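The values are calculated or read from the model by the stated rules, or taken from the named source; none is laboratory data. What you see is a predicted model; the values in this text were computed from it and never measured. Please note: Cβ atoms are built from the backbone with ideal geometry, for glycine as well, and neighbour counts cover all protein chains shown.
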Amino acid sequence: MSQLKSIVCLWVIVSFAHTTTAQYYFYDDERLETALLWEAGGSVGVMNCFTDLGGRKGIGKGFVKDLNRQHYNFAGGFYIGALYQQAIGGRLEATFGKVSASDKVLEGDRSAARARYQRNLHFRSRIAELALLAELHPLTFFQSSGQGPSYFSPYMIGGIGVFRFKPEAFTGQEWVALQPMRTEGQGFAQYPDRKPYQLTQVNFPLGIGVRYEVSALLNARLEVVHRILNTDYLDDVSREYIDPALFANNPAVPSAELAAQLADRRRELHPSTLTRAGEKRGNSAHNDAYFTVQVKLGLHIGRMKRGL
C-alpha cells in the first residue's frame, strides 16, 4: 500500500511541475490547450470473474472459454488523469462492483463438468479497487507532421492496484463471510502450507480501450480491463477438502458446524456423501481473476477559449 501511495504522489508532483505551452485545439480555432491535458470522469459497466466455480460444459477451459455470462454484475467508478500530447497518460481510478459464481449453472449437464455441479459451491463478493494506470495511444506516434489526432484513438492501459474483497456464501437463511471459516484449513497446524488469505491485496490491471472526442469538453471511452491477481481465493476455493472434524479443534473458527457445512455442500444434493480429506475441491494451478467492461465519460480540464 505504501508503494502505491509513493507512486501516486510522484505522479501528481511530476504532472504539476511540468511546464506546458498552449497550442491550438486540433478540432477548431476557438480553443487552446496545453500539452498536458487533465481529465476527470466516471464509468459504468459490468464486472465478471474467472474462478474455480461454475464454468462451461466439459473439462475446464481457459480464459473466456470458461466464462459464465449469467454472472455479470454492475460496476462503476470515477477517475482523474492526464494525457500528454494526446499520446501518453496516467490515471488514478476507483472502481466498485461485485463478482459471483455458482456451480448450479451446470445443473442438467451430463459432461465431465457434472462433478463441478455436484460440488454445489457458490460465492459472491463486493470489490473495491484503487488503481494507478498508465495509458498509451499508439496511433499518435504514427501520424504525419501537421496531421491532427483522430476523433477515435485506440489505446492500451496497464498498472498496479489495491483491491478489497470479501467472499460470502448463502446458507439458505443468511449470507456468511467465508474467510473466517477457514474452509480449506487455512492456518491449521495440520496444513502449514495453507496460510489465511488477506482480504486486501495487490492486483495488476491490463486492458484496451478506444477514446472518442465528443467535444472540446467531453470524451467517451469503451474499455475492457482484466485484473491479474496473486490469490486463488477470490471465491474461497483452491485446494482439497479437509477432515471436517478439524474445524472443532481450531479456536479461530467461529462455528465448527457452519464451517463444515460451507466447506462441503455436496450433502445438500446427496445427503449420504462423506467428506474425505484430500479429495479435490478446487484447482490451485491458476490464480483467480476478474475484469470489467465499462463505458466512461470524461470532462476535459484546461481547454480555454482564445483571448481568455
Discussion item. Scan the range 227-240 and tell me whether some residue there is buried (at least 17 other Cβ atoms within 10 Å of the Cβ), assigned to a strand (DSSP E or B), in contact (Cβ under 8 Å) with a residue 60 or more places away in the chain and not charged (D, E, K, R).
Written reply: yes
Worksheet item: Of all residues in the range 84-108 being assigned to a loop (DSSP other than H, G, I, E, B) and surrounded by 15 or more Cβ atoms within 10 Å (Cβ to Cβ), which is modelled with the highest pLDDT?
Response: Ala87
Worksheet item: Which of the residues belonging to the range 121-153 are surrounded by 11 or more Cβ atoms within 10 Å (Cβ to Cβ), modelled with pLDDT under 95 and of a type outside the set (A, V, I, L, M, F, W, C)?
Response: His137, Pro138, Thr140, Gln143, Gly148, Pro149, Ser150, Tyr151, Ser153
Fill in: Criterion: among the hydrophobic types (A, V, I, L, M, F, W, C), over 26 Å from the mean Cα position of the chain (by Cα) and farther than 30 Å from Leu83 by Cβ - qualifying residue of Ala189, Ala177
Ala189
Worksheet entry | Test: residue in the range 251-267 that is among the polar types (S, T, N, Q), under 26 Å from the mean Cα position of the chain (by Cα) and surrounded by 13 or more Cβ atoms within 10 Å (Cβ to Cβ) | no
Worksheet item: Checking Phe291 against (1) closer than 28 Å to Val202 by Cβ; (2) part of a loop (DSSP other than H, G, I, E, B); (3) in contact with a Lys or Arg (Cβ under 9 Å, 6 or more places away or on another chain), which test does it fail?
Response: (2)
Worksheet entry | Residues (over 24 Å from Ser102 (Cβ atoms) and of a type outside the set (Asp, Glu)) located in the range 166-193 | Gly187, Phe188, Ala189, Gln190, Tyr191, Pro192
Worksheet item: Just a yes or no: is a residue in the range 274-282 exposed (fewer than 14 other Cβ atoms within 10 Å of the Cβ) and in a strand (DSSP E or B)?
Response: yes
Worksheet item: Which residue pairs have Cβ atoms under 9 Å apart, sit 6 or more places apart or on different chains, and have a first residue in the range 189-207 that is within 18 Å of Arg126 (Cβ to Cβ) and modelled with pLDDT of 95 or more and a second that is acidic (Asp, Glu) and part of a loop (DSSP other than H, G, I, E, B)?
Response: Tyr197/Asp232; Tyr197/Asp236
Practice prompt. Select, from Thr275, Thr292, the only residue that is touching a residue at least 40 places away in the same chain (Cβ under 8 Å), within 27 Å of Phe50 (Cβ to Cβ) and not acidic (Asp, Glu).
Written response: Thr292
Fill in: Filtered residues of the range 224-261 (kept if farther than 18 Å from Glu279 by Cβ and basic (Lys, Arg))
Arg227
